[in-house]
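The values are calculated or read from the model by the stated rules, or taken from the named source; none is laboratory data. Keep in mind that this is a model prediction, so the values were computed, not measured. Please note: Cβ atoms are built from the backbone with ideal geometry, for glycine as well, and neighbour counts cover all protein chains shown. We work out accessible area using only protein heavy atoms, side chains counted, and drop any ligands, DNA or RNA first. Shrake-Rupley method; radii C 1.70, N 1.55, O 1.52, S 1.80 Å.
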There are 4 protein chains.
Amino acid sequence: MLLQSLRKRVCAANKSLATHGLVKFTWGNVSAIDRERDLIVIKPSGVSYDELTPENMVITDSNGMVVEGELNPSSDLNTHVQLYKYFKDIGGVVHTHSTEAVGWAQAGRDIPFYGTTHADYFRGSIPSARSLSISEVNGEYETQTGKVIVETFEHLDIDPNAVPGVTVRSHGPFTWGKTPEEAVYHSVVLEEVAKMARLTEQNNPRIVCADKFLLDKHYLRKHGANAYYGQNN
Amino acid sequence: MLLQSLRKRVCAANKSLATHGLVKFTWGNVSAIDRERDLIVIKPSGVSYDELTPENMVITDSNGMVVEGELNPSSDLNTHVQLYKYFKDIGGVVHTHSTEAVGWAQAGRDIPFYGTTHADYFRGSIPSARSLSISEVNGEYETQTGKVIVETFEHLDIDPNAVPGVTVRSHGPFTWGKTPEEAVYHSVVLEEVAKMARLTEQNNPRIVCADKFLLDKHYLRKHGANAYYGQNN
Amino acid sequence: MLLQSLRKRVCAANKSLATHGLVKFTWGNVSAIDRERDLIVIKPSGVSYDELTPENMVITDSNGMVVEGELNPSSDLNTHVQLYKYFKDIGGVVHTHSTEAVGWAQAGRDIPFYGTTHADYFRGSIPSARSLSISEVNGEYETQTGKVIVETFEHLDIDPNAVPGVTVRSHGPFTWGKTPEEAVYHSVVLEEVAKMARLTEQNNPRIVCADKFLLDKHYLRKHGANAYYGQNN
Amino acid sequence: MLLQSLRKRVCAANKSLATHGLVKFTWGNVSAIDRERDLIVIKPSGVSYDELTPENMVITDSNGMVVEGELNPSSDLNTHVQLYKYFKDIGGVVHTHSTEAVGWAQAGRDIPFYGTTHADYFRGSIPSARSLSISEVNGEYETQTGKVIVETFEHLDIDPNAVPGVTVRSHGPFTWGKTPEEAVYHSVVLEEVAKMARLTEQNNPRIVCADKFLLDKHYLRKHGANAYYGQNN
């Protein structure tokens, strides 16, 4: 059986979506990519988190063709495929329908940078990707969803490593990271800052984004060569 | 004892309302119908979910007359009866006072279709049934509640199989499904999309419904001949 | 030791405030009255729910003078005393700082009757008692708080048995019932309908109260000679 | 090993942040000061609450220089240092990113005094400290954060013993107390009154602060020579 260690991690990462309160029923999926072998490990479609095992994860190639596994892969697989194709540094992708993030996805607005909780993980507002056209929806829908995400980051010149998440219009959030675990972490952060941003606007409807230098300070306190948060530096 | 297997399922479905956080005290009920024998199994009135057993479920005929059981059936029985009478394909009905759904029922507004979480299970906005008149309330209240729900779907030409739920004005949600388990599932979805819709409007008061083609795409990804979500196709 | 059975019930009712999520730390208290012996059993002040035992409940006479008990009674005792004095049919009183109810108490607005969840237990909007004057606050504050509640019901001619709760301006909710258990039940209902009312207004800022005949129907479905909800009739 | 008893208490206080639902991941820290020995005990940076032990707490002097401990101290240490330096009566400090408090910090508004839950622990509105300038952020950021907090209390002539908390603009809450346990208690209160204030304004957008005499009454019912809440007087 291929990728035994990565299967375990992807299985555990999927289960952690439930633990973190990000999903109901089967409404979320985590994948990871092995860049050397060009293989993706992803949750099977419609299977509850309780029933997930490392063995029932699905392995595909980097185009989304199933290589190993008896179950259908997540129906969102082809969105993950696009993200791995264009965001070269990422190793894990998460999609959920977490409530507060969907509240922004459906509103069609970027999640504004209002403070340091946000800045610690997202170096800028979290973009809202545009609606898909009728031909995109009726064509290769999941692939087009991935392409619209990539387009958003390219058109706005956002570094996907510095802003590791997006909300897709009328749909929900996608996040990513160097590992599947980090991608899940970013989903938790996105959900929390989505709620904080909503409360902030409720408490002060005239609020504007926080200062750019505060954003940079907090982001760089945790990331990059001069980071000094935690124990690894 | 009649319908031993269905008693078990209805009992478990009622208990699951509490597990899903949809009810306080005794504020919700699940029933199922056996279409061949024309018998309904329903929760007894005012009994807490802890105390429910397959044996204390109440069996009625399809007009709501008790056939077996020592306890009074749910006071909402006659609403269930109407739904089974007019919605011929359904096998289970749920009524709760879940918080977010009541927030729309009391507001007297349809829950607008704002995104794919909604579209995966409800092919269109979830209608708000009109207020009952004084004579309807003071007459056969629970039967009239069912009639008003049916009227809503008929007048608006909504297929109850494609939109398996409603909120009754100044009251709360009813959902249904092919089975009692599916009816409960739809109650969970309705509560969640009710919350998402509230947050969406809070984040963007000028938002309008999502595209019809996205609604169809997501609904048909999960339902019908060309569904490709999950493992059963 | 006096009132052993009632001590147990009041102790359990106090602990249930925590189970129902109505209190943090020591922020709530339950009492009961034995009308025959004219004795009140109440939580000791500032003691956490974990540490409550039937033995450390405090017994006072109907004027609030301690009869038995080594600990100080709840600082809100004299409010309870007033309620027992003027609301002759009640047997238990609860005070909490539950979040949604405080959101209305601090807003200084009645909780409007918007639907049947409310009507099942409160036959009308839940009144907001007026602010206390400086002399009332600086005098016998807790006694005056009780007097203002009673004044509210008398001036508005509300039957405290039909509307078993109130919010005190800039403070929080008080509820009561025939028993301490019922008083707790009413606190849970008040908190829930407070939240539902907030969501209702958020979803429809122009909403008005529901129909009076619906209020009566639902209230009388559960209370009085013609009640038909539950198993006791 | 220095300060064995205080290490235990600080460790337990940090873990209690998670129990109280105030933190996700590693997003909060508690410290305490031993005023006689002039030593601070603080959480290590980026370590999860599960992994905290009395032994891995970090000891610094009152200028924030590490005296004992192999791990890096919390990155917010220098903010704590400033608070201990200027608020002479305090023995513990807490910083979190709790959701509702951040909703006010990011809104840049004081949390208004709307009722008695607030007044029981904070004798006045909870101030919002100003944004840091670019030179403050890019200089000794954490030290400057502490200085801005102190400046806020000095300029507004607020007694930090009577108002034991603040929100820092675009960041989050800091609270303090005579002990680390009391500082945590104040963080729980601040989070709760932050939510209550939000709901209050939602229910009544025209609400103003409650009466000053009510504030004083409730604060002094619990604090000072004439306090009569609880068992210690």
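Some notes on this structure:
- Sole exception among (1) farther than 14 Å from D:GLY92 by Cα; (2) within 16 Å of the chain's Cα centre (by Cα); (3) more than 14 Å from every other protein chain (Cβ to nearest Cβ) for D:MET1, by number: (2)
- Within the stretch D:103-113, the residues that satisfy the criterion of being of a type outside the set (S, T, N, Q) and at the interface with another protein chain (Cβ under 7 Å from one of its Cβ atoms) are D:GLY103, D:TRP104, D:ALA105, D:ALA107, D:GLY108, D:ARG109.
- Filtered residue count, the stretch B:194-207, keeping only those that are within 20 Å of A:SER131 (Cβ to Cβ), part of a helix (DSSP H, G or I) and of a type in the set (A, V, I, L, M, F, W, C): 3
- Among the candidates B:ALA162, B:ALA227, B:ALA210, the residue that is touching a helix residue (DSSP H, G or I) at 6+ places or on another chain (Cβ under 8 Å), at pLDDT below 95, open to solvent by less than 50 Å² (accessible area, probe 1.4 Å) and of a type in the set (A, V, I, L, M) is uniquely B:ALA227.
- Of the listed requirements (1) under 23 Å from D:SER170 (Cα atoms); (2) buried (at least 21 other Cβ atoms within 10 Å of the Cβ), A:PRO180 misses just one: (1).
- Taking the stretch A:118-147 as the range and being of a type in the set (A, V, I, L, M) and surrounded by 20 or more Cβ atoms within 10 Å (Cβ to Cβ) as the test, the residues that pass are A:ALA119, A:ILE126, A:ALA129, A:LEU132.
- Just one of the listed residues (A:THR60, A:THR116, A:THR53, A:THR79) is out of contact with any Phe, Trp or Tyr (no Cβ under 6 Å at 6 or more places or on another chain), among the polar types (S, T, N, Q), more than 19 Å from A:PRO180 (Cα to Cα) and more than 10 Å from chain B (Cβ to nearest Cβ), and it is A:THR116.
- C:ARG221 falls short on exactly one of the conditions (1) modelled with pLDDT of 95 or more; (2) part of a helix (DSSP H, G or I), and that condition is (1).
- Residue within the stretch A:84-102 that is among the aromatic types (Phe, Trp, Tyr), open to solvent by less than 50 Å² (accessible area, probe 1.4 Å) and within 11 Å of another protein chain (Cβ to nearest Cβ) present: no
- Criterion (more than 27 Å from A:THR26 (Cβ to Cβ) and open to solvent by less than 20 Å² (accessible area, probe 1.4 Å)) met by exactly one of A:PHE153, A:PHE174: A:PHE153
- Any hit, the stretch B:109-127, residues being under 14 Å from the mean Cα position of the chain (by Cα), within 18 Å of C:ARG206 (Cα to Cα) and not basic (Lys, Arg): no
- Entry remark, the stretch C:186-195: residues being in contact with a strand residue (DSSP E or B) (Cβ under 7 Å, 6 or more places away or on another chain) and within 10 Å of chain B (Cβ to nearest Cβ) number 1 in total.
- Taking the criterion of being surrounded by fewer than 16 Cβ atoms within 10 Å (Cβ to Cβ) and more than 10 Å from every other protein chain (Cβ to nearest Cβ), the residues of the stretch B:213-224 that qualify are B:HIS223, B:GLY224.
- The stretch B:1-60 - residue that is among the aromatic types (Phe, Trp, Tyr) and outside any helix (DSSP H, G or I) and, of those, surrounded by the most Cβ atoms within 10 Å (Cβ to Cβ): B:TRP27
- Residue in the stretch B:134-185 that is nearest to B:GLY108 (Cα to Cα), counting only those that are within 12 Å of chain C (Cβ to nearest Cβ) and among the charged types (D, E, K, R): B:ARG169
- Among (1) within 15 Å of the chain's Cα centre (by Cα); (2) part of a helix (DSSP H, G or I), the one test that C:ASP216 misses: (1)
- Of residues in the stretch A:196-207 being facing chain D (nearest Cβ under 8 Å), more than 25 Å from the chain's Cα centre (by Cα) and without any contact (Cβ under 8 Å) to a residue 24 or more places away in the chain, the one most open to solvent (accessible area, probe 1.4 Å): A:GLN202
- Subset of the stretch B:61-74 (residues that are part of a loop (DSSP other than H, G, I, E, B) and touching a Ser or Thr at 6+ places or on another chain (Cβ under 6 Å)): B:ASN72, B:SER74
- Among residues that are within 21 Å of A:ARG169 (Cα to Cα), at pLDDT 95 or above, facing chain B (nearest Cβ under 10 Å) and out of contact with any Phe, Trp or Tyr (no Cβ under 9 Å at 6 or more places or on another chain), A:SER131 is included.
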